[in-house]
Each structure stands twice: as structure tokens, then as C-alpha cells.
Amino acid sequence: MTSPTPIAAGATVADLGEFGLVREFVGRFQQGPQVYVGPGDDAAVLRAPKGHVVVSTDLLVEGRHFRREWAGAREIGRRAAAQNLSDINAMGGRATALTVGLALPRDLPAQWVLDLADGIAEEAALVGASIVGGDLTAGSEVVIAVTVIGECTVAPVLRSGARPGDVLAIAGRQGWAAAGLAVLGRGFRSPRVLVEAHQRPEPPYEAGPAAAAGGATSMIDVSDGLVADVGHLAEGSGVLIDIDASAFTLDEPLQAVGAALGVDPMEFVLGGGEDHPLVATFPADGPLPDGFRPIGRVSARQDATAPAVTVDGAAYEGTPGHTHF
């Protein structure tokens, strides 16, 4: 990959034009050995080894999923890539390629877009994925659409395989991004560690394949909220899942924000999303893969009208997670 070409200070998207911006944008992406045809043709072509191909798409809309005053373009790029790469991780796979679609205001500084590209590239590099194409158009606000393609060398882990007796386990931190969002929403920038957790999540990319190889019966990444996303496992599998709140340690930054805002910091853990840890179920008679720790138990669901997820044996009265509509 050649060094990015400097652009004129203050240049806008309209100044560079569609093809000039595309040229500068894709010039920031290095192509890996799995790429047979990269950006520039009607479609990308990837070399696919034996196994399963997995695909996922996510959207980020300015004002709903991010604010430019809360994070720089590079951080937003990393978030956009991370939430998509995490979906492949949650299937037990590894991402190999991404495509990026953008809607951009005409007066948006072109450097912002190129910084966004750098962030996407940096996050994709963590798993060895290449950005192989995309599209852009004009829009009234920034919209980022990322499609990720990956592979599973073993059977993908679905949401529907949890069984009574399984252990519920988590890999990665949980609740930090939600606490960071709460801080930003009040106009503050500290604790910095929580703000940075919201700006740039750290999905446990090695945990997905490890869980698949370690016999996970179901799995999901926590993007909307722990109770809500565990609910998808429970509903998909037709079981009851109880979360043990005492399995979580409320670190000092979470306690500090809870005290400052007058809320129970456990709400960040149970209802928060966007840290993108993995939650999976495993047979109780086997060891958990490295990085996973137990946080609950799966049992038979006796009453279809009762909640599919409980916390410490009771229905959760708080907000289980984010809803889009």
C-alpha cells in the first residue's frame, strides 16, 4: 500500500468529486492474499477455502449511532468496522473482507472521510480482513454501511443450539461503552477510559473461533444489551437462561459514573451494548475456552408466557437493551 496522497487543506467532498474521493479512499486499503479482484471492478472476487462463507451488514447513521462531536472520524471508522467484524466472530468465524457504502454531505471535509477510511482499515487489520469495494452517494447526513464477509472452518455457531444444563459464559468487557455513552450524553468527557470504550470498542476477536472449536452450543455478540441479546439465545433455543449478576465485577470507573449520575452501575452491565463481547453457551461437563468466564445457567423453559431471561432468578425490571424503533 502506497502512502496516502496529501489533499488540500480544507478540501471538501465536493471539491474532490466522486472519483477523486474514491481514488483517495480505496488507496488506504491494503489487499490481502484472499483478494483475487479488489476495488475498481463491478464486484470483488475472493479466494474461498473449504468451509462456510458468512456475510453480515450493519448501518451507522449520524445522529442515531454516532455524533461527530463525540468522536473523531478514525474512531467512528473503527466502530463501524468492529461492529461488523464482531458479527462474524459471533458465528465462530473469521472475517476476510469488507465493503463500505457511504452517504456524505457535499460540504463534509474530505479529510474527515479519509480519516474514517484509516480507522476502518486499522480495525480490519486486527483480523487480517481487506476492504474490497463499496459505493458512495450524497446525503443530508453521514451514513456508513458496512458488509463483512468471512469464513468458518467448522460448523457456524447459531443462536438456536442452547440446551438445558448448559453454562452461559462471556468473553470481553461489558457495560463500559454504555457508561461512556451516558457520560457523553451529559456533556462530560471523563472517566476517559469509559469514553474511549464507547468511541472504540474492543471485541474479543480470538474468542469466536475458540468458542466454536470448544463446543459452544449457541453464541451472540452483545451489541444492543446483555439481557436483550441473551434473550435472542433463549428465544432461539426455546430455553430459559438465568444471568448471575454477582458474576460481574463493577470496576471503579463504572461505580464512579453510577454515583455521579445517580444510577445503579449494574444497569450499564445488564442493559448496555456496543462493547461487543461474546456470550455463548457451553456443555456443563467441559472446560470453557480461554477468555470465557461463566455468568449464568440454561434450564428448560416451563412457561412460554414467562420471561425467557431472568437475572438472579427473577424477571429483570430494568431496560434490557437498545431498541431501534
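Does Val183 satisfy the condition of being among the aliphatic types (A, V, I, L, M) and not in a helix (DSSP H, G or I)? Quick ask: steps written out before the conclusion?
Working: among the aliphatic types (A, V, I, L, M): yes; not in a helix (DSSP H, G or I): no.
Taking the combined requirement at face value, the residue does not satisfy it.
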Legend entry - Total residues in segment 14-39, condition of a type in the set (A, V, I, L, M, F, W, C), modelled with pLDDT of 90 or more and in contact with a helix residue (DSSP H, G or I) (Cβ under 8 Å, 6 or more places away or on another chain): 1
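Residues are listed down the side, and each one gets a yes or a no for (1) more than 18 Å from Arg74 (Cα to Cα); (2) touching a Ser or Thr at 6+ places or on another chain (Cβ under 6 Å); (3) surrounded by 22 or more Cβ atoms within 10 Å (Cβ to Cβ):
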| site | (1), (2), (3) |
| --- | --- |
| Leu116 | no, no, yes |
| Leu126 | no, no, no |
| Asp135 | yes, no, no |
| Cys152 | yes, no, no |
| Gly161 | yes, yes, no |
| Gly165 | yes, no, no |
| Phe188 | yes, no, no |
| His198 | no, no, yes |
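Counting just the residues of segment 136-153 that are part of a loop (DSSP other than H, G, I, E, B) and at pLDDT 95 or above, which one comes out nearest to Tyr205 (Cα to Cα)?
Residues of segment 136-153 that are part of a loop (DSSP other than H, G, I, E, B), as a first pass: 139-142, 153.
In the following step, the residues that additionally are at pLDDT 95 or above were identified as 139-142.
On the way: Gly139: 33, Ser140: 34, Glu141: 31, Val142: 27 Å.
Out of the qualifying residues, it is Val142.
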Legend entry - Among the residues listed as Ala82, Ala103, the single one being of a type in the set (A, V, I, L, M, F, W, C) and farther than 19 Å from Asp275 by Cβ: Ala103
Inset, instruction - Of all residues in segment 233-252, count the ones that are more than 15 Å from Val269 (Cβ to Cβ) and hydrophobic (A, V, I, L, M, F, W, C). - result: 5
Legend entry - Qualifying residue in segment 56-74 (condition: farther than 28 Å from Ala182 by Cα, surrounded by fewer than 19 Cβ atoms within 10 Å (Cβ to Cβ), among the charged types (D, E, K, R) and out of contact with any Ser or Thr (no Cβ under 7 Å at 6 or more places or on another chain)): no
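Just to be sure, is Leu278 at pLDDT 95 or above and in contact with an Asp or Glu (Cβ under 6 Å, 6 or more places away or on another chain)?
So Leu278 fits the description; yes.
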Inset, instruction - Please work out which one of (1) on the phi < 0 side of the Ramachandran plot; (2) without any contact (Cβ under 8 Å) to a residue 60 or more places away in the chain is the condition Gly187 fails and give its number. - result: (1)
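Between Leu261, Leu233, which is assigned by TED's automatic domain parsing to the domain that holds Arg293 and more than 17 Å from Gly318 (Cα to Cα)? So that I can check it myself, show each step before the final result.
On the way: Leu261 fails: more than 17 Å from Gly318 (Cα to Cα).
Exactly one of Leu261, Leu233 is assigned by TED's automatic domain parsing to the domain that holds Arg293 and more than 17 Å from Gly318 (Cα to Cα), namely Leu233.
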Legend entry - Checklist (1) in contact with a strand residue (DSSP E or B) (Cβ under 7 Å, 6 or more places away or on another chain); (2) in the same structural domain as Ala71 (by TED's automatic domain parsing); (3) not hydrophobic (A, V, I, L, M, F, W, C) applied to Ser160, failing item: (2)
Legend entry - Selected residue (criterion: modelled with the lowest pLDDT) from residues of segment 63-89 that are out of contact with any Gly (no Cβ under 7 Å at 6 or more places or on another chain) and basic (Lys, Arg): Arg64
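Mind listing whichever residues of segment 159-188 are of a type outside the set (A, V, I, L, M) and over 18 Å from Asp275 (Cα atoms)?
Initially, segment 159-188 is screened for residues of a type outside the set (A, V, I, L, M), giving 159-161, 163-166, 172-176, 180, 185-188.
Within segment 159-188, Arg159, Ser160, Gly161, Arg163, Pro164, Gly165, Asp166, Arg186, Gly187, Phe188 meet the criteria.
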Legend entry - Qualifying position, being surrounded by 14 or more Cβ atoms within 10 Å (Cβ to Cβ), more than 24 Å from the chain's Cα centre (by Cα) and within 30 Å of Ala80 (Cα to Cα), among Leu270, Leu261, Leu250: Leu261
Inset, instruction - Hand me the list of strands (runs of 3 or more DSSP E) wholly inside segment 27-113 holding 3 or more residues that are within 23 Å of the chain's Cα centre (by Cα). - result: 52-61, 94-104
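The values are calculated or read from the model by the stated rules, or taken from the named source; none is laboratory data. Please read all numbers here as calculations on a predicted model, not as lab measurements. Cβ sites come from the backbone with ideal geometry, for glycine too, and all protein chains shown count toward neighbours.
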